[in-house]
1. Consider residue D:219 against the criteria (1) open to solvent by less than 20 Å² (accessible area, probe 1.4 Å); (2) closer than 24 Å to residue D:87 by Cα: it satisfies all of them except one. Which criterion is unmet?
2. Considering only residues that are within 7 Å of chain C (Cβ to nearest Cβ) and in contact with a Gly (Cβ under 9 Å, 6 or more places away or on another chain), which ones fall in the stretch D:226-237?
3. Within the stretch D:171-181, track down each residue that is assigned to a strand (DSSP E or B), within 12 Å of chain C (Cβ to nearest Cβ) and more than 12 Å from the chain's Cα centre (by Cα).
4. Filter the stretch C:68-102 for residues that are within 14 Å of another protein chain (Cβ to nearest Cβ), surrounded by fewer than 21 Cβ atoms within 10 Å (Cβ to Cβ) and β-branched (Val, Ile, Thr) and give the result.
5. Mind listing whichever residues of the stretch D:132-153 are open to solvent by 10 Å² or more (accessible area, probe 1.4 Å) and within 7 Å of another protein chain (Cβ to nearest Cβ)?
6. Which of the residues belonging to the stretch B:131-163 are within 25 Å of residue D:128 (Cβ to Cβ), among the hydroxyl-bearing types (Ser, Thr, Tyr) and touching a Ser or Thr at 6+ places or on another chain (Cβ under 6 Å)?
7. Can you pull out every residue in the stretch A:111-131 that is open to solvent by less than 10 Å² (accessible area, probe 1.4 Å), touching a residue at least 40 places away in the same chain (Cβ under 8 Å) and either touching a helix residue (DSSP H, G or I) at 6+ places or on another chain (Cβ under 8 Å) or assigned to a loop (DSSP other than H, G, I, E, B) (or both)?
8. Looking only at the stretch A:169-179, decide whether some residue is in contact (Cβ under 8 Å) with a residue 60 or more places away in the chain, farther than 26 Å from residue B:233 by Cβ and open to solvent by less than 10 Å² (accessible area, probe 1.4 Å).
There are 4 protein chains.
Amino acid sequence: MNVTVWNEYRHEKNNEEVTKIYPDGIHQVLASALTEHGYDVKTATLDEPEHGLTEEVLNNTDVLLWWGHVAHDEVDDAIVEKVQKRVWEGMGLVVLHSAHFSKIFKTLMGTGCDLKWREAQEKERLWVVDPSHPIAEGIGEYIELEEEEMYGEHFDIPAPDELVFLSWFEGGEVFRSGATFKRGNGKIFYFRPGHETHPTYYNKQIQKVIANGVKWAAPTTREYPVYGNAKPLEKLEGYKED
Amino acid sequence: MNVTVWNEYRHEKNNEEVTKIYPDGIHQVLASALTEHGYDVKTATLDEPEHGLTEEVLNNTDVLLWWGHVAHDEVDDAIVEKVQKRVWEGMGLVVLHSAHFSKIFKTLMGTGCDLKWREAQEKERLWVVDPSHPIAEGIGEYIELEEEEMYGEHFDIPAPDELVFLSWFEGGEVFRSGATFKRGNGKIFYFRPGHETHPTYYNKQIQKVIANGVKWAAPTTREYPVYGNAKPLEKLEGYKED
Amino acid sequence: MNVTVWNEYRHEKNNEEVTKIYPDGIHQVLASALTEHGYDVKTATLDEPEHGLTEEVLNNTDVLLWWGHVAHDEVDDAIVEKVQKRVWEGMGLVVLHSAHFSKIFKTLMGTGCDLKWREAQEKERLWVVDPSHPIAEGIGEYIELEEEEMYGEHFDIPAPDELVFLSWFEGGEVFRSGATFKRGNGKIFYFRPGHETHPTYYNKQIQKVIANGVKWAAPTTREYPVYGNAKPLEKLEGYKED
Amino acid sequence: MNVTVWNEYRHEKNNEEVTKIYPDGIHQVLASALTEHGYDVKTATLDEPEHGLTEEVLNNTDVLLWWGHVAHDEVDDAIVEKVQKRVWEGMGLVVLHSAHFSKIFKTLMGTGCDLKWREAQEKERLWVVDPSHPIAEGIGEYIELEEEEMYGEHFDIPAPDELVFLSWFEGGEVFRSGATFKRGNGKIFYFRPGHETHPTYYNKQIQKVIANGVKWAAPTTREYPVYGNAKPLEKLEGYKED
């Protein structure tokens, strides 16, 4: 399975605090983790030509991961459209943390995708609420992150097809932090944690969830559906072929 | 409750066959039916200034109905954006028949909304599959339409929140023909029947379903959610106000 | 609309602490609140003949509320079966707090309905996560209860049709605390709060949610579906009537 | 993965027409097909001691298939309870055709599971409506069965978590013929086709769907959730350990 990790890759270059945690970028940490889980992983970043997402790259990607934050607006609409087309065709998409506000996620959801947030080094506890979901494979009752950014409800998304994780935050909020959606022939997994100032993506359980999400989001092998004008499958008196 | 029926209103002016069935436009037939069901109904059409959907009209609309077909592209993107904003704020939206391909529906769904179709005067039978849904109030096991356009699966929408009707077609297809969705604070009901060359919107049961859909889609009265940076609700050591 | 509030009514008679809070029983407080909201309300309790749920009572009940805790096992299986039949026929059911373990709820869910719990006078905050749901009508972003029993995930229910409230608890847990289901022709709303040692049912917002739940769960007026052997609706060569 | 195919195995012994099609029983045809798909398959039938479902068999079963029709009532309630317990623990369950009325399916659904039916050698066409679902892997737009028993809506089940197939029947009905549910830690797939008087289970596409269903229903490896009284995870003033 071919996985592409896309990262905005700005904080890591511009913010010392982030550089210390992710010297080679969030994408490299995710890529290493997914490689360990047995995937064939490539990376792509905003400042590459076509954001690293050429048609060839997209056509050879089974599951795409997306991390973005400060530069959502710099992502070219034409690329967003290509990614959307690929999701509709079957490519899986794993949307991480602040990518809730990415153009691609908002476009696929049809909602504003807004939420409450706070940076206060507070504790997050992600509870599994769908115990038989393959994305929860190997995960205990909850994952505890000592310090994370808070995201709180209302999270302005459509009702998820499946709700896998619910987060508890020290400051009093809750959040639907692991949620699945389908659009066209593609599967989408949104997973909340991963603020750039915390070493969240080094956490083995978080890596396991993301690896599970990639596996779950793998394309289903089928012919693309046929749309448009259709001949009847049964005898139909009123039917005349054009 | 204030209802606005929006109609493209082109076929009725350009196609004699349609003019005979809907001399004053599909919107007028729907408006009469909804008035009989007790709603305060206005209409709006594509060729009016701002398509009849000024900010005042939209702000005073609790539920908007949408019928379009040949001129989806002529709908101004700025108006689509305003309608979307109003749905997100709580306005109900009832999307009829060929409006599956309207800009507003596609934008709210995040999918291509494509389907199979055929004009062959064939029989459609809409089966109720969610018997306790208020949209099925007063409706028998099924509604039979002697002649309708066929829409067939795969219908490229997200999995509906609720599936109320399933259609059987004489030519061999099925279709998820009554489906609900929520986006932001607004409720959306898609209802399949109503091709312009058939007198479907005079059918009392079809009118009843649409009236039920309007009632179901009525806004819920609440404050709009607060998004953005949030102070903790509990004591939090790591928190410093900016 | 005819509402029946069913209560086990044991704690209120046997536990002084509870007697002080609910001297006439939880059912009377709920009945008063629902009467104020415009419903025609009756009550029924475990120790009445047939638990107060005679066929006449059940047949005249549009929505039944259920509160039970220590005496689930004393509820006669024959009565449970009658209630289930009525739900399948269309009667709404509002299941409160510890009634998660009632025979009727477990039977309708098909799961164990177990959960984590703790009595520690801790704070509960119920967040609205489905802002357009009629059950959230008139409710702010969250409801805060200074002291309640904790219920924590995993809550062993099927994935709800709709998730309206999520609870945050001071001790570190979350809970799907407002959830809807449909069974047969009936609608079911589970609502978490209401431990007998806390005055939760006097809280005006909690009363409002329960009143909204009753309204939402009201029966849809339709003929009961026809099941069993069915003649074809279309000409079928292979068909011979028996 | 260990699969057990359970079959009532009565029609095949008592009805010549069925014997000709399934001389060794439906279970043997299913077992062969699943073996070809790479599973380790065993069979069990009603008339074996404990219906072939001893605790050892159940404990070593990852996914159980269930076919029954005329003898649902002969299935021992104690065995049903054991199967339910295993599903709650994580065992997958694939429920076939007339097993919609099996004790185990009705118990897990919480509904009557009734439907319309007709034996008239009519055509069934199963349309894929969830194109990215792994159960649809390798399946075309639809599967056509020249002759099958008809099952028609309303099918009295809870709203499925996912709807994969919709059936069209020649006589005018539709049916939700491929549907998934979760109960406890177990996954359930209901798949409609397979009347005993038709050679449906020899159909390669039907076999593929069932094999896909088995794969999808495989247990997720996690610790069983902890229920009951729970110590707080955060400091809680009101908490005293018992």
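1. (1)
2. D:227, D:230, D:232, D:233, D:234, D:236
3. Listed by number, the residues that qualify are D:174, D:175.
4. C:80
5. Matches in the stretch D:132-153: D:134, D:137, D:138, D:140, D:141.
6. none
7. A:111, A:113, A:115
8. No: zero hits.
The values are calculated or read from the model by the stated rules, or taken from the named source; none is laboratory data. Everything quoted here is computed from the prediction, not taken from an experiment. Virtual Cβ from ideal backbone geometry, glycine too; neighbours counted across all protein chains shown. All accessible areas refer to the heavy atoms of the entire protein, side chains included, with ligands and DNA or RNA removed. Shrake-Rupley method; radii C 1.70, N 1.55, O 1.52, S 1.80 Å.
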